[in-house]
Amino acid sequence: MDVNGALDHGTLFLALASLLFFASLFGLVANWLKQPLIIAFIAVGLLAGPGALNLFPDSSALGLLSEVGISILLFAVGLKLDLTVIKTMGPVALATGLGQVAFTSIIGFFICLGLGFEVEASIYIAVALTFSSTIIIVKLLSDKKEIDALHGRIAVGFLIVQDILVVLAMIALSAMGTAGEVTNSSSLGLQAAFVGLKGLVFTAGILAIGRWVLPKALEIIAQKPELLTLFAVCWAVIAAALSDSLGLSQEVGAFIAGISMASSHFRESVASRLVSLRDFLLLFFFVHLGSGLDLSHLTTQIVPATLLSLFVLIGNPLIVMVIMGFMGYRKRTGFLAGLTVAQISEFSFILAALGARLGHVSEETVGLITVVGLITIGVSTYLIIYSQPIYEKIAPFLSLFERANATAEDKLANGQDSEPYEYLVLGTGRMGQQVFQCFEKNYIRYMGVDFDPYVVSQLREQKKPVIYGDLSDPELLQNLTHDKVKAVISTVPDALNNRGLIRALKEIDFKGQVAVTVAYPHQIEEFKELGADEVFCPPIDMGMYAAEKILGKRYLASL
């Protein structure tokens, strides 16, 4: 360690190795206990923090990795949200986001006053209780494969509304802190308007690049899959950094960068390739979060922390269910979406630290918000993980939150092409396109996947439902094989990739049929033994087809 407290290279590398060891160990224990890894990683942060081992006296390196992880996560979220989806989810996202923020901040303020807190501290606590963690919720919904479900899209929508509001809240609090020092500064309203203008210009610029520059660039870059992954990370981090330099949040910048690529046919491939990198870097976010927690005030704050945690865990989901029920959504959708706001956000810790730095709140108040965060994040994680069995037990009691004519979801479905494809065709060569023609003549819905970006572009110009993807990518298969897919058909005669395809489909417990194509007759039995329901061999199939055409099926059957 040098004189400034920073770790030298060797010590830093050893600290990182120790951190990864403890993360792996705690992760195994958490998995054995069927607990979420998020809690395990926060526990590792507590162990690595200044209150225990103090592995990172200078946490800048840890903080940088966590920020990159956050950027990639929010980029991946934006990547999954097409502009048409955002437009469709707009009313319910805005209503639930604003309604929940208003409810929590107003009621929370009076609860804090009742607990004996000063007005200024009550304001900070109430605001801290208002915002939910987009990062944690998106991670949990992604793990459960519910990010594209209706309640997942609605939840992401109002969480983004919260993110925008929390940026405005931090701007307002910062302005409050400097008001006494800069008497001639612009009014808070003008500051907010200026930030809003910058946000609009930034968003318009990023989306314009996504509309007119990225499509051609991605076609060239996608010829090398490694470059596609690198470019996606680059685009996410650059947008996040630019957003941060403009006074907006890094999360907003990364999210908008993801949206700018959401309409591209490369998005599924990019999203699948970012999964492992995202999960690894998010480890550092949760560890960094845990290492910054101060539990020294736990004993004195346990009673108010428990009461405020119950308010967040129960009150926040209730207001979401009330609003969504009033808007015509069914009780199940309202319940599942409501659970996502049953915790406070990492922004809550940032707000608390900001208040302490400005002299608005004491360290005891910061400690209270910290304890509430631990309780609500821990409990709500279990609530979301086990949301379906919980719903099944309490569903009869939730009818109060559902209107007799709950038709919002039906209207939503009728307003967009929501009927899923039934067949997944891998490879769009001559055989693949013949399969397309057969499906189209029989009005069968399908989705094609190809590795060649130029072929994909040409087919999409012909209005074919085709996306870019790599047959050897298991994450891509997991994303594309939804419950309605009846069969996966590989028209690519590549034995290595087809073996990997069958293995990957078994790992995700795919229930439909699997058909593969082989180049040589002796491979037919091999792939049937591996589990393929149908095996096509073009040389044999073409010979049989030619014989049928010339001699007729009846003559062949009699031989």
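Just so you know, all these numbers are worked out from the coordinates, no wet-lab data involved. In this text the structure is predicted, and so the values were computed from the model without any measurement. Note: ideal-geometry Cβ built from the backbone for every residue, glycine included; neighbour counts use all protein chains shown.
So who's got an amide H within less than 5 Å of the one on Gly51, skipping anything under 5 residues away but keeping other chains? H placed 1.01 Å off N, in plane.
It is none; the list stays empty.
Amide H neighbours of Ser490 under 5 Å, at least 5 residues apart or on other chains, H built in the peptide plane: list them.
Leu426, Ala515, Val516, Thr517
Arrange the peptides 263-270, 49-56, 91-98, 155-162 so that the one whose residues have, on average, the most other Cβ atoms within 10 Å appears first.
Descending mean neighbour count gives 155-162, 263-270, 91-98, 49-56.
Rank-order 442-454, 250-262 by packing density, defined as the average count of other C-beta atoms within 10 Å over each peptide's residues, highest first.
Final packing ranking: 250-262, 442-454.
Long-range amide H contacts for Ile467: which residues qualify at under 5 Å (H placed 1.01 Å from N, peptide plane, sequence gap of 5 or more or a different chain)?
Those lying under 5 Å, H to H, from Ile467 are Gly448, Val449, Asp450.
Please give the contour-minus-distance gain from Asn31 to Tyr386: 0.36 nm per residue of separation, less the Cα-Cα distance, rounded to one decimal in nm.
126.3 nm
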